[in-house]
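To start, the structure under review is shown below, and the notes come after it.
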2 protein chains.
Amino acid sequence: MAAPTPTLARPGLSPTIEAALRAVLGDRLQLGEAIRIQHGTSEAHFAVMPPDAVAYPENTGEVVALVRICRDHDLAVIPYGAGTSLEGQLAAVKGGLCLDFSRMNAILAVHPEDLDCTVQPGVTREQLNAWLRDHGLFFPIDPGANATIGGMASTRASGTNAVRYGTMREAVLSLRVVLADGRVIDTAQRARKSAAGYDLTRLFVGSEGTLGIITEITLRLHGLPQAISAAVCPFETLEGAVNTTIMAIQMGIPLARIELLDEVQINAVNRYSKLDLAEQPTLMLEFHGTEAGVAEQVEMVREITTMNGGGDFVWSNLPEERTRLWKARHNAYRAGVALRPGATGWSTDVCVPISRLAECILETKADLAGSSFPAPIVGHVGDGNFHVLFVLDPDNPAEEAEADALNERIVRRALALGGTCTGEHGIGLGKKRWLREELGDAVDVMQTIKQTLDPQGLFNPGKIF
Amino acid sequence: MAAPTPTLARPGLSPTIEAALRAVLGDRLQLGEAIRIQHGTSEAHFAVMPPDAVAYPENTGEVVALVRICRDHDLAVIPYGAGTSLEGQLAAVKGGLCLDFSRMNAILAVHPEDLDCTVQPGVTREQLNAWLRDHGLFFPIDPGANATIGGMASTRASGTNAVRYGTMREAVLSLRVVLADGRVIDTAQRARKSAAGYDLTRLFVGSEGTLGIITEITLRLHGLPQAISAAVCPFETLEGAVNTTIMAIQMGIPLARIELLDEVQINAVNRYSKLDLAEQPTLMLEFHGTEAGVAEQVEMVREITTMNGGGDFVWSNLPEERTRLWKARHNAYRAGVALRPGATGWSTDVCVPISRLAECILETKADLAGSSFPAPIVGHVGDGNFHVLFVLDPDNPAEEAEADALNERIVRRALALGGTCTGEHGIGLGKKRWLREELGDAVDVMQTIKQTLDPQGLFNPGKIF
């Protein structure tokens with residue numbers, strides 16, 4: 001852990017800067033300590049690093065004005081969505097102005113006939129899906145937390161549906177971005193594909209707020225499936241659950257979700273969400289398609305499951321049952337953290353080629369056998385992505401050191417298997433040391449681009465590099 | 001048309017440069033006029049612009065050595081695949097060294113268990129698919145021409161299967177790239193997804209050889225479908241064919257291919273490929289899935305077809321029949337050009353949101369009614385992308401001017417409908433004037449990135465900007 005020390009004691013904004021910001025924002029500039037601390041506190045194990053002030057802009061023009069003021073006064077700009085990022089992306093390591101997008105939460109346009117929509121960055125995925133339901137549409141990217149679309153675009157989020165519907169990389173059609181010099185660009189038109197110049201959309205997706213401030217996002221949508229079935233299946237062994245996943249992916253079965261929870265995670269979920277699932281390695285599955293198509297997928301998966309020591313499927317076909325199941329899955333992180341009162345969470349995030357997933361998870365599980373703290377495993381295993389959640393006593397530095405060593409082993413193992421240190425959480429503060437080990441000189445190219453587009457280092461400083 | 005004048009009369013390489021290149025390449029440096037002209041001649045309407053020399057590198061190390069020599073002597077570097085690009089991407093507008101990748105055509109690794117492979121840039125898509133067939137796999141991106149994977153990555157190619165399988169943007173997992181300063185980077189690991197820093201893979205995909213030289217490509221593959229059915233369906237009207245497409249896409253039917261050919265194009269295809277299709281607006285369709293899944297898709301599409309004045313499906317279920325059908329479709333460009341002896345082709349390439357496709361095609365068709373030359377229409381309509389092929393007398397400047405005016409109307413119409421000037425052919429020389437109109441200040445950001453990564457303007461000068 002190389003997290004900077006907290007900056008609670010910063011002197012705050014100069015009267016000049018405050019006046020300039022106030023002229024744009026009025027009461028929507030907040031300087032109170034409680035609000036600043038809230039905006040500098042992540043859900044994960046990072047130190048609290050509050051900004052000097054929190055702005056609540058209402059439109060792109062205000063964001064432009066704020067960026068210009070910050071540029072003129074060399075004040076860092078940190079975009080803030082729902083605060084659910086897991087690698088310290090929101091931490092104000094140099095203080096600065098936090099842009100809280102909660103007032104830019106309008107769904108600007110839905111084009112059901114084109115299966116797309118345009119939203120402001122503060123729209124949350126649950127808000128969007130509630131709105132879309134009446135159009136017969138849904139937005140599939142689902143990282144668990146009720147994150148904002150802006151935050152999800154910034155971290156290239158994915159989650160439980162990515163195995164079928166892809167990640168934010170595939171979901172974003174176009175972005176409106178405020179650059180460090182105050183210019184506003186649109187990265188693409190609304191057409192489904194284009195070969196018009198460099199793919200700026202993908203450059204900003206996953207750039208964690210370091211290259212520009214996203215103020216509008218156009219997203220691809222999908223029609224609600226005719227039929228949806230969800231099931232839970234316990235396995236005798238972790239290996240059986242992982243091998244079921246590998247075989248299903250290799251056979252090309254178009255699963256909508258295939259999620260692994262080990263017995264430690266199931267125990268945590270049972271306690272937190274008041275369920276009584278068998279405390280065994282478990283797959284949670286969802287099938288989308290026509291009635292006949294879903295039935296066919298289920299039959300194929302059931303055969304594979306039986307071959308690998310899986311038990312009976314427990315079905316959740318009613319919408320409210322499915323909602324309960326996936327809500328429990330979404331709360332896995334909080335359920336894990338709740339295993340120890342007062343604990344903080346630290347989630348690993350490696351992703352490997354699917355053929356190497358069994359060895360990667362099983363060797364990791366062996367690593368965890370002697371750990372001093374609970375460490376449940378949960379995974380978007382259809383993508384080769386899984387998380388170990390270290391449930392740490394924040395007052396015990398020895399545990400943090402132990403977690404750090406375990407994480408190092410896990411990351412090194414994944415890299416050796418052709419994998420990545422982060423499947424979906426991003427680099428933020430927590431993975432900076434691994435980025436270079438993973439991508440070598442490519443990181444220089446990234447830094448060159450950062451330097452070119454944000455020479456002052458205004459946007460979300462201290463992240464990624 | 002703002003194409004530069006040909007540079008046939010260039011003085012050629014200095015003895016110093018030639019000696020330096022010869023030391024790397026030996027006989028694999030070619031200076032003969034015929035070879036240079038061949039490498040400066042595109043399939044489309046651009047003037048011949050040959051390089052000063054053609055290199056046939058055999059590995060990444062040689063490419064590095066060549067790039068360093070070119071950098072030291074300020075000689076342009078133009079990568080060359082199969083020469084099938086349609087916007088003049090191969091033209092050596094400043095002369096320079098053409099890197100012909102035909103000797104870097106090895107399939108380096110296939111990982112059937114991970115559904116991916118790694119290839120050199122000179123591998124063609126047909127070569128790759130012939131190799132993959134024994135593994136039960138296929139690579140779906142299919143621009144018609146037997147292009148190289150390197151060229152397809154560089155132009156962000158798509159084609160007939162993109163409606164289901166995406167474009168090169170989705171197909172490329174990672175690239176090895178030689179930068180302008182001679183460094184070599186890998187843009188990503190082989191994991192299926194990653195949130196590790198900026199998406200350099202997508203930055204190089206579609207950059208048309210202007211940012212770096214691609215020397216290895218790792219691709220996502222797909223399992224061969226259990227069942228494949230292909231059909232041809234003629235329509236009473238162009239509108240009926242387009243509306244069938246729109247409805248099928250809006251209903252979420254997972255069509256593998258849905259291709260439109262107007263009656264002019266069908267006439268050309270009949271002549272060129274010796275078929276006897278009804279000379280009406282026609283859809284060519286392909287369905288992938290399980291036996292039951294394909295049957296279900298066919299039933300849904302048939303209902304839509306009937307509603308829109310479609311005739312009977314003519315089925316091609318045997319592999320050899322399917323091959324014949326798609327070969328005819330792939331030859332549509334050449335079939336169109338063959339409508340007039342000695343003609344050259346000029347293909348437009350707009351792509352619009354699917355709901356606007358009918359008006360875009362129908363108004364375009366009306367534009368073409370009075371044209372002085374044949375102008376068949378063919379389209380990857382499931383993506384909202386279609387091409388008008390202007391079949392021009394190369395000795396008649398009035399026809400070129402007429403084509404230019406028609407193209408301008410088509411592009412402006414597409415932009416007004418939220419579309420792009422290029423769905424899949426790229427900017428090259430031919431669309432430079434439209435890029436700015438489409439994306440405004442975003443083009444400045446692209447140019448800044450170009451300037452940063454290739455300050456000397458070494459790589460494929462004169463393209464995109």
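What follows is calculated from the coordinates using simple rules that are stated; it is not laboratory data. As the structure is a computational prediction, the values presented were derived from the model and not from experiment. A quick note on method: Cβ atoms are made from the backbone with ideal geometry, for glycine too, and the neighbour counts reach across all protein chains shown.
May I ask you to derive the FRET efficiency for A:Asp404 and B:Ala338 from their Cβ-Cβ distance with R0 = 60 Å, giving the value to the nearest 0.05? Intermediate results must be reported in sequence, preceding the final value.
On the way: r = 67 Å, r/R0 = 1.12.
With a Förster radius of 60 Å, E is 0.35.
Enumerate the amide H contacts of A:Leu173 below 5 Å, restricted to partners 5 or more residues apart or on another chain; note that Pro and chain-start residues carry no placed amide H.
Residues meeting the criterion, in which the H sits 1.01 Å from N, are A:Thr218, A:Leu219, A:Arg220.
Taking beta carbons within 10 Å but only from partner chains, what does the mean come to for residues A:415-423?
On the way: counts 2, 0, 3, 8, 5, 10, 5, 6, 6.
Averaged over the peptide's residues, the number is 5.
Please report the antiparallel percentage of DSSP beta bridges with both residues in the protein assembly as shown, rounded to the nearest 5. Mind showing how you got there, number by number?
Details: 102 of 122 bridges.
Looking only at bridges with both residues in the protein assembly as shown, the antiparallel portion is about 85 percent.
With just the Cα atoms defining each centre, how far is the range B:158-202 from the range A:209-258? Give it in Å.
Here the answer is 21 Å between Cα centres.
What percent do you get for the relative contact order of chain A when only Cα pairs under 8 Å and 6+ apart count? Before the final figure, lay out the partial values.
Numbers: 1001 pairs, mean separation 73.3, N = 465.
That works out to 16 percent.
With charges set only on the Cβ (+1 for Lys and Arg, -1 for Asp and Glu), what does the dipole of the range A:253-318 come to about its Cα centre, in debye to the nearest 20?
Working: 4 positive and 11 negative charges, 43 e Å.
Using only the charged Cβ atoms, the result is roughly 200 debye.
Can you work out the PRE-style zone for A:Arg271? Point 7 Å along Cα to Cβ, and I want the residues of the range A:354-371 with backbone N under 17 Å.
Flagged as within label range: A:371.
What does the average come to when, for each residue of peptide B:155-161, you count the partner chain Cβ atoms lying within 10 Å of its Cβ? Numbers along the way, then the final one.
Working: counts 1, 7, 1, 4, 0, 0, 0.
Mean inter-chain Cβ contacts per residue within 10 Å come to 2.
Could you give the angle, 0 to 90 degrees to the nearest 10, between helix B:60-73's Cα long axis and the longest principal axis of the Cα atoms of chain B?
60
How far, in degrees from 0 to 90, does helix B:263-273 lean away from the longest principal axis of the Cα atoms of chain B, to the nearest 10?
Helix B:263-273 sits at roughly 70 degrees to that axis.
Please give the net charge around A:Leu221, taking every other residue with its beta carbon less than 10 angstrom from that of A:Leu221, where Lys and Arg add +1 and Asp and Glu add -1.
Values: positive: A:Arg220; negative: A:Asp114, A:Asp116.
Result for the local shell: -1.
Counting only other residues whose beta carbon sits under 13 Å from that of B:Thr364, what net charge do I get with K and R as +1, D and E as -1? Can you show the working numbers first?
Working: positive: B:Arg356, B:Lys365, B:Arg409, B:Arg412, B:Arg413; negative: B:Glu239, B:Asp262, B:Asp349, B:Glu359, B:Glu363, B:Asp367, B:Glu408.
Neighbour charge sum, excluding B:Thr364 itself: -2.
Grab the other residues whose beta carbon is less than 14 angstrom from that of B:Gly197, score K and R as +1, D and E as -1, and report the net. Mind dumping the intermediate values first?
Working: positive: A:Arg156, A:Arg169, A:Arg202, A:Lys431, A:Lys432, A:Arg433, A:Arg436, A:Lys450, A:Lys463, B:Lys193, B:Arg202; negative: A:Glu87, A:Glu208, A:Asp349, A:Glu424, A:Glu437, A:Glu438, A:Asp441, A:Asp444, B:Asp186, B:Asp199.
That works out to +1.
What is the Cα centroid distance between the range A:379-429 and the range B:400-444, reported in whole angstrom?
Taking the Cα centre of the range B:400-444 as reference, the centre of the range A:379-429 is 46 Å away.
Hey, which residue of A has the C-beta nearest the axis mapping A onto B, and what's the distance in Å?
It is A:Arg202, 2, counting Cβ atoms only.
Excluding same-chain pairs closer than 8 in sequence, count the lysine pairs in chain A whose Cα atoms lie under 20 Å apart.
Within chain A, the lysine pair count is 10.
Compute the acute angle (0 to 90°) between the alpha-carbon long axis of helix A:397-416 and the principal axis of greatest extent of the alpha-carbon atoms of chain A; round to the nearest 10°.
70
DSSP loop (so not H, G, I, E, B), at most 13 other Cβ within 10 Å: list which trypsin sites (Lys or Arg not before Pro) in the range B:172-257 pass both filters. Spell out each step's value before the answer.
Details: sites: B:Arg176, B:Arg183, B:Arg190, B:Arg192, B:Lys193, B:Arg202, B:Arg220, B:Arg257; in loops: B:Arg183, B:Arg190, B:Arg192, B:Lys193.
In loop regions of the range B:172-257 (DSSP not H, G, I, E or B), there are no sparsely surrounded trypsin sites (Lys or Arg not before Pro).
What value, in deg cm²/dmol to 500, does the helix sum -39500 (n - 2.57) over DSSP H runs of n ≥ 4 give at 222 nm once divided by the residues of chain B?
Result for chain B: -11000 deg cm²/dmol, rounded to the nearest 500.
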